[in-house]
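Structure, as structure tokens:
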Amino acid sequence: MYELRKVDKKFPGVHALKAVDFKVNRGEIVGLVGENGAGKSTLMKVIYGAYQPDGGTITIDGTAVRFQNPRQAMEHGIGMVFQEQSLITNLTVMENIFLGYEAQFVKFGVIDWKAMAEAARRQLAKVKLDINPATITSELSFAQRQLIELAKVLTLEERIDGDLVILLDEPTSVLAKEEVELLFKLVRELTNRASFIFVSHRMDEVLDLSDRIYVMKDGEVVDVVDHDAAEVDAIQHKMVGRDVDKEYYREQKQQPYGDEVLVSFDTVSAGNRYKDISFDLHRGEVLCLVGTEGSGREAILRTIFGLQTPTSGQVTIKGQPISSFNARASVDLGVGYVPRERKVEGIVAGMNVYENMTLSQMQNYSNAGVLRTGEEKSLARTWIERLAIKTPNENKDCGGLSGGNQQKVVLAKWRSGGSDIILLDHPTRGLDIGAKEDVYEMIRAMCDDGAGIILVADTLEEAIGLSHTILVVKDGEFQKRFDGRPGDKPSLYDLVHHMI
Amino acid sequence: MTLETLKPYLPWITLFVLAGIVGAANPAFFNPVGLVALVADITPLFIMALGMTFAIYIGGIDLSVQQMANLVTVIATVYLAQFGIGVAFVCVIVGFLFGAISGFITTRLYVPSFVSTLAMGFVALSGAKFLSGERALSMDATLRDQSFGWMFGNTAGVPHELIIAGVLLFIAWFLQKRTTFGRALKAVGSGELAAVASGLNVDRIKILAFAISGMFAAIAGLMFSVKLSGGDANLANGFLLLAIVAVLVGGTPLTGGVGGVVNTVIGTLIVVVIRAGMVYLEIDATQQQMVFGIVLIAAIALTIDRSKLRGVVK
Amino acid sequence: PGMARAAIADPTVAWSYRNRTNPYWNEIVSGGEAFVESLGKSKDFLTHLINEGSSEKSLADVKALLSKTNGDLALAIDTNDAPNARPVVEACVEAGAYVSTLWNKTDDLHPWDFGDNYVSHMSWSDEGPAEQTARILLDAMGGSGGVVHLGGIASNNPAIERLNGLKNALVDYPDVELLDAQPADWDTQKANQVMSSFLTRYGDEITGVHCANDTIAYGVLEALRAEGIEGMPVVSYDGNPQAVELVSRGEILATVFTNPHWGGGITASLAYHAATGHFKPSEEPNEHREFYGPTIMVTPEDALDFKANYLDSVPTYDWTDFWGPSNGPIQYK
Amino acid sequence: MADTMANATPAARFLTRDRIIKWAPLLVLGVLILLFPFFEWLEDIRAGEAHAYLIDSRFFSIRNAARIGIAAAPALMVAVGVTFIIIMGSIDLSMEGTVSVCAVIFAFAFLAWSGTVLSWAWLAIPAAMLVGAAMGFINGLVHVKLKIPSFMASLAMGFVGTGLALLLTGGDRTRVEDPIFRSLLTERWLNFPVMVYVAFAFLLIAWFIQSRTTLGRNFYAVGGGEELAHASGLNVERVRLMGFTLAGVFFAVGALLAVGRIGIAETATGNNFMFVSITAVVVGGTALWGGIGGVWNTLVGVLIVSVINNGMVVIGLPAYVQDAVLGILVILAVVLSTDRRSVSFVK
Ligand SMILES: Nc1ncnc2c1ncn2[C@@H]1O[C@H](COP(=O)(O)OP(=O)(O)OP(=O)(O)O)[C@@H](O)[C@H]1O
Ligand SMILES: Nc1ncnc2c1ncn2[C@@H]1O[C@H](COP(=O)(O)OP(=O)(O)OP(=O)(O)O)[C@@H](O)[C@H]1O
Ligand SMILES: [Mg+2]
Ligand SMILES: [Mg+2]
């Protein structure tokens, strides 16, 4: 019913979609996979009317359409749940759900809040969320917000008579396991009313949910496979263009760690973020913090990086007791931080690749504050090659790189500066398997070089596979410590048991 | 040649188009001596705009510059006899400190620079009123010439004001383009959170940016005071909006991270041309302000590179 | 540059002033226009430079005009701020143009130090007239009570002089207390607010108000009206038509007319006639180059006569009678 | 940035941080209202006069409250107008021009149509509001259609407005003497002049728009996340245009009250409204980055600024320190009413 033919989209310097053919049938769940920068999000935005294609046709039930903006797409039954958080946090839940469509509740120019709340409750019931519709959105968890986004899109059900197409761009990346299951259950239930396009880097989820899977690479659709014929390896091969290592987490490369303690926490607490946390991080060790969202892991990372001052306890970095917490001092001690919000905290959009790479250690590329730009550039070229960063050259604006390549730039920033205490917050979030493999490879390489790594992993499997040591935290309190020698790793169940 | 490739040159094109219009209507405009004088005269405003560029480049704004300059005209006049040329040093330090305080209030107390600098401007104004005894003061002519006569001479036909402007421009440009500080400024302007997460001391950088803005405002005030040979608490009035306009028209948007001091050169020249155009084209007195506003809209519509205004236009 | 031309056949005539939003400056400009019309030219012949309260713009516009006219210029100017007068004069002298200044200049700047090109400076001694209005006020108060003063922009010379006038008068009225003096920046709305704050602070102690000019008085009157206070003695300065109207109704007890129409015309005329060689400034005595303008006290008794003579029908002046109505040489303290 | 936002569940305690921050501007106002009488008290004690605190205060009196009300009413209207714009995360600097144009056109029309409210001349009032709307609309068009940041667009439109007013008046001032119109100032109900009630009525209208209409809520949506709002199908351009238009209407009301207060319409009527109104909005706790605050905050902000201005004269502070005191108090007020936890950085 919904069909794209030979759709093309170009950005300055990037051919993001090349003659893409794409089709969604009634009640179908279509999976969409591809490497970072393959063009998935762009394709979704074209469908959703946020971008206008440069060429090709879009038809709904045989009639050609062309959307100037998202609202027109909505009027044709197309709704989108975004990759990024897309609720407006200063509004209430109900206002978010009906944003742009308040007219139905307006009587004599006045909004009937009761009616809106009532209607919002009905929508929330669809996603099995029992919260007050008048709650301010910023007070909710990310998972709740994701479900509200779905509830919001589902208002199309009432508004549109015909069929719906709902786009889900990486909706699961912030969800916990049960929440993902709930989401999938909902999606399946809704197929009597709507078709779905599902984008995710989690291959198991895509295989689980989709009836058909499109594989994209470099702006082209390289394969379409049916659910029954789908095989992880084959798909990954198509996506990446090569075989993916079976040893996903590089366990055989895991070496025992050394004796030297890099970071030591002695019963450290930070307000209501975390309490009485103690651990030692050694050279060559990957220490993984495991917990549910909001359990305090990120705050621990930010403490080591100097962005969060603890309220009690002693933090020691490389034998030096830390008394004043600031990022500069931590960086000088060799701490590097790869934050979760890559686009806003990881890279500086608007600055080019080499400027981003040297940002944390400009003193090494300057004399008395005057930069030696030539050196910066050659350093950048080395690392672009070493990490296979996809960029035309070192002068390209980092904001224009795809997620995976941005992440590589961030890692290069710390590695090139010789940082040996690396804090990784969800380093593989939103990355495709190809890019993930690169990150895992780099983690191992850094350990071999004698770095210590504290990891907040994207998935539990990742945590188990990569780490020497696992600390489980719950509500900011230490729960349990696991040693993860290769071949003798804790099971998923062990961890989850302590997490919740 | 596409619009894309033209974009970086739009401010220049706007400048030449405007100058062309004025010159076409009245060729006397292109008289080189007149042009040099015209540009030399704008030096204090230009220097102030140059400083303001730093505040805007990090995404802030400095509304205290005019009062800062007012204060400095008074300081310079009152203390010229006592310190001689050393008064310049006093002025610059005062400007730097005031700017730093604004920066401190902005970064550490979380008061938007729009408000903190406005408020610090009031403080400077009070200082100027107090110090001047609320009167217009004048400098002793011989003392002035002894200490600062060099500011307004002429070497090989080039007014010294222009040389001073050029030197300050070079310093500002060098700071912005070639130093770690300039790089840090850009990082703060384009993505403050990422700068923090890269271990930059963002607060210090921002405070410095405001301090530099204050310092340049002080230099502007000092030059103006010497030029007018006096000082009072209102002497530099009229500078503020023009300095902001000069920065923005040059193509440094309020969102920061884009543009820079060279853009401010163009912006200031555009402002000069528009203003001189009023005189050359004999715009009626009652219409001048309106014409200024309309031409300003046209100029800014031409110069700003909308693709670089990341995200939404607010 | 540097040498004065003997004569300029047909100089551009320009007036440079603060802005058009103030009735005082409108009067000044009307005089300038009347003068160019007396030359048989149209009003538009007069070039207007508006500085909007910015010395910087004032100077920049003058320079632009000098460059445009190549120095063939007769300029009448109020430089906005006293320190600005020197660079303006120096620029004109260097370009060979002729300039006459009004109101603002520093005490060390004199026309006779610049040969012919700095033609003249006219100012008003406001201290005396302001003292006179103050005496009228203090008498109306019965020689006792409390008076408040609302001033102009603090560093402005006339603002300072007008307050001094009040202080001089107070010496003879020991029973009157100067309760407070605050600047109201020549602004009606600001005056309104300052006055109502005064009413809070001093309440009934205020028995008279001394205003630095008419626009301030309007704000004061409205503040009094808001409180339903009637008959409070108020005096002002400038003699704007509306103020004269109020004087005739007794709402203001006195204002001082400085004849801005004549001042505006004669300043332009001096510069023009010097430029065309009609007279040679350097041959004139000093009191013809620095002099006070005329002042006329307007009180309820003579307000209607005054209005008929000066406002309803503007007298036709002989613009070559440069010094007739003037008021003697400028005195420096 | 999401991570730095507070996502703690609201505590059950009464004095939560959020509450304190929310009410901080009012607290500041309260402190100021008690502070100025303190100085009066000090002064009288020093002079050896008996002075019962508050009771004998001239500042803390109904009459002075009315004076502050008169001073605040026009500024409040202008500030309310710009509040909507600031909630959207934009800024409007065109108020001085718009106020002048509206005041002048009102006066011209009013006098041309016989000059008393008891005739067709009352139409000059809606006419002025229409003019305000038109000015705001054009301002919005320049901003939205030419994609010029609002700071710049409105600054330039402010020049155009002031210039237009000047062109219309040629620099002259027009008196509006009609006693019925002037009863805005002269007529008092319960000690307060009518203009205070008019301003309050318009404040209620603004509150109604802010909380009960789609447009008002959409301002918050645009301020909270313009791109997200757009992706949700909101016609952001339209909301912006309407916002600037609405602001224009409130500027016009401010102009009417300003004329009502001094009985004069002139090019200078709009002077000084820009910094006063924006300072007031910020002091009241509406964030310059948008999405937070509202018209009640603005009321408190305007009152804070007016109380400071009035109080400084009342306690007899020398003129030359008044600017500095205002500046410092403004900084203090903003410091107290900013939720530092909710912002990751400020520029
Ligand atoms: N607005 C834009 N301007 C310029 N280039 C863009 C823009 N949006 C996307 N691109 C480029 O288009 C290509 C496709 O990007 P897209 O976001 O569609 O990838 P994706 O498959 O969604 O990647 P990811 O898995 O990282 O989300 C990338 O090279 C990206 O850099
Ligand atoms: N800015 C803040 N102010 C106050 N409390 C906060 C703030 N940010 C987070 N918190 C609270 O602190 C605790 C720890 O949060 P944190 O974000 O560090 O968890 P996390 O384990 O890193 O979660 P994630 O799985 O998202 O990485 C949570 O209870 C959270 O609600
Ligand atoms: Mg994507
Ligand atoms: Mg977190």
Only one of (1) more than 14 Å from chain C (Cβ to nearest Cβ); (2) crowded, with 22+ Cβ neighbours inside 10 Å; (3) within 16 Å of the chain's Cα centre (by Cα); (4) closer than 30 Å to A:Arg328 by Cβ fails for B:Trp173. Which number is that?
(2)
Looking only at segment A:346-364, filter to residues that are within 13 Å of A:Leu411 (Cα to Cα) and within 7 Å of chain B (Cβ to nearest Cβ); which one of those is nearest to the chain's Cα centre (by Cα)?
A:Gly346
So which residues in segment B:24-42 are of a type in the set (Gly, Ala, Ser) and either farther than 21 Å from B:Val158 by Cβ or more than 10 Å from chain C (Cβ to nearest Cβ) (or both)?
B:Ala24, B:Ala25, B:Ala28
Please pick out the residue among A:Ser173, A:Ser195 that is within 19 Å of the chain's Cα centre (by Cα) and of a type outside the set (D, E, K, R).
A:Ser173
Do you know which of the residues in segment A:35-74 that are on the phi > 0 side of the Ramachandran plot and more than 14 Å from chain D (Cβ to nearest Cβ) is nearest to ligand 4 (Cβ to nearest atom)?
A:Gly37
Only one of A:Asp488, A:Asp449, A:Asp458 that is at pLDDT below 85 and over 25 Å from the mean Cα position of the chain (by Cα)
A:Asp488
The listed residue being more than 16 Å from ligand 3 (Cβ to nearest atom), more than 14 Å from every other protein chain (Cβ to nearest Cβ) and either within 23 Å of the chain's Cα centre (by Cα) or modelled with pLDDT under 80 (or both), out of A:Val180, A:Val153:
A:Val180
Would you pick out the residues in segment B:64-85 that are modelled with pLDDT under 95 and part of a loop (DSSP other than H, G, I, E, B)?
B:Gly84, B:Ile85
The condition of being surrounded by fewer than 20 Cβ atoms within 10 Å (Cβ to Cβ), away from ligand 1 (no atom under 16 Å from the Cβ) and under 22 Å from A:Glu345 (Cα atoms) holds, among A:Gly369, A:Gly418, A:Gly399, only for A:Gly418
Across segment A:298-314, what is the number of residues that are under 24 Å from the mean Cα position of the chain (by Cα), more than 10 Å from every other protein chain (Cβ to nearest Cβ) and modelled with pLDDT of 90 or more?
4
Members of segment B:258-287 found to be over 12 Å from the mean Cα position of the chain (by Cα) and under 16 Å from C:Leu59 (Cα atoms), listed by number
B:Val272, B:Val273, B:Ile274, B:Arg275, B:Ala276, B:Gly277, B:Met278, B:Val279, B:Tyr280
Scan segment A:350-362 for residues that are of a type in the set (A, V, I, L, M, F, W, C) and outside any helix (DSSP H, G or I) and jot them down.
A:Met351
Out of all the residues in segment D:159-177, which are assigned to a helix (DSSP H, G or I) and at the interface with chain B (Cβ under 7 Å from one of its Cβ atoms)?
D:Phe159, D:Val160, D:Thr162, D:Gly163, D:Leu164, D:Leu166, D:Leu167
Segment A:33-66, subset surrounded by fewer than 22 Cβ atoms within 10 Å (Cβ to Cβ) and among the acidic types (Asp, Glu), residue nearest to ligand 1 (Cβ to nearest atom):
A:Asp54
Cβ pairs under 7 Å, 6+ apart or interchain, first in segment A:398-415 and farther than 17 Å from A:Glu376 by Cβ and in the same structural domain as A:Leu431 (by TED's automatic domain parsing), second more than 16 Å from ligand 2 (Cβ to nearest atom) and among the basic types (Lys, Arg), ordered by first then second residue, are A:Asn405/A:Lys390
Filter segment A:338-366 down to the residues that are within 16 Å of ligand 1 (Cβ to nearest atom) and charged (D, E, K, R) and list them by number.
A:Arg340, A:Glu341, A:Arg342, A:Lys343
Here's a check for you: in segment A:478-491, which residue that is loosely packed, with under 15 Cβ neighbours inside 10 Å and of a type outside the set (Ser, Thr, Tyr) is nearest to ligand 4 (Cβ to nearest atom)?
A:Arg481
Conditions (1) at the interface with another protein chain (Cβ under 9 Å from one of its Cβ atoms); (2) more than 16 Å from ligand 2 (Cβ to nearest atom); (3) under 30 Å from A:Asp438 (Cα atoms); (4) touching a Phe, Trp or Tyr at 6+ places or on another chain (Cβ under 9 Å): number failed by A:Gln85
(2)
Does B:Arg178 satisfy the criteria of being more than 9 Å from chain D (Cβ to nearest Cβ) and closer than 30 Å to C:Gln182 by Cα?
no
Restrict the check to segment B:13-23 and report whether at least one residue is assigned to a helix (DSSP H, G or I), within 14 Å of chain C (Cβ to nearest Cβ) and free of Cβ contacts under 8 Å to residues at least 12 places away in the same chain.
yes
From the options B:Ser147, B:Ser213, residue that is farther than 25 Å from B:Pro112 by Cα, surrounded by 20 or more Cβ atoms within 10 Å (Cβ to Cβ) and not hydrophobic (A, V, I, L, M, F, W, C):
B:Ser147
Those residues of segment B:233-270 which are in contact (Cβ under 8 Å) with a residue 60 or more places away in the chain, at the interface with chain C (Cβ under 10 Å from one of its Cβ atoms) and in contact with a Phe, Trp or Tyr (Cβ under 9 Å, 6 or more places away or on another chain) amount to B:Ala233, B:Leu235, B:Ala236, B:Phe239
Within segment A:5-34, take every residue that is farther than 17 Å from A:Leu209 by Cα and touching a Lys or Arg at 6+ places or on another chain (Cβ under 7 Å) and give me the one that is nearest to the other protein chains (Cβ to nearest Cβ).
A:Ala16
Touching a residue at least 12 places away in the same chain (Cβ under 8 Å) and surrounded by fewer than 18 Cβ atoms within 10 Å (Cβ to Cβ): which single residue out of A:Ser360, A:Ser312, A:Ser323 fits that description?
A:Ser312
Quick test of your reading of the structure: A:Ile317 fulfils all but one of (1) of a type in the set (A, V, I, L, M); (2) more than 16 Å from ligand 4 (Cβ to nearest atom); (3) under 28 Å from the mean Cα position of the chain (by Cα). Name the failing condition by number.
(3)
Being more than 9 Å from chain D (Cβ to nearest Cβ), aromatic (Phe, Trp, Tyr) and surrounded by 20 or more Cβ atoms within 10 Å (Cβ to Cβ): is that true of C:Tyr237 here?
yes
Across segment D:289-331, the tally of residues that are at the interface with chain B (Cβ under 8 Å from one of its Cβ atoms) and within 14 Å of the chain's Cα centre (by Cα) stands at 0
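The values are calculated or read from the model by the stated rules, or taken from the named source; none is laboratory data. None of these values were measured; they are calculated from a predicted model. Don't worry about glycine lacking a Cβ; one is built from the backbone with ideal geometry, like all the others, and counts go over all protein chains shown.
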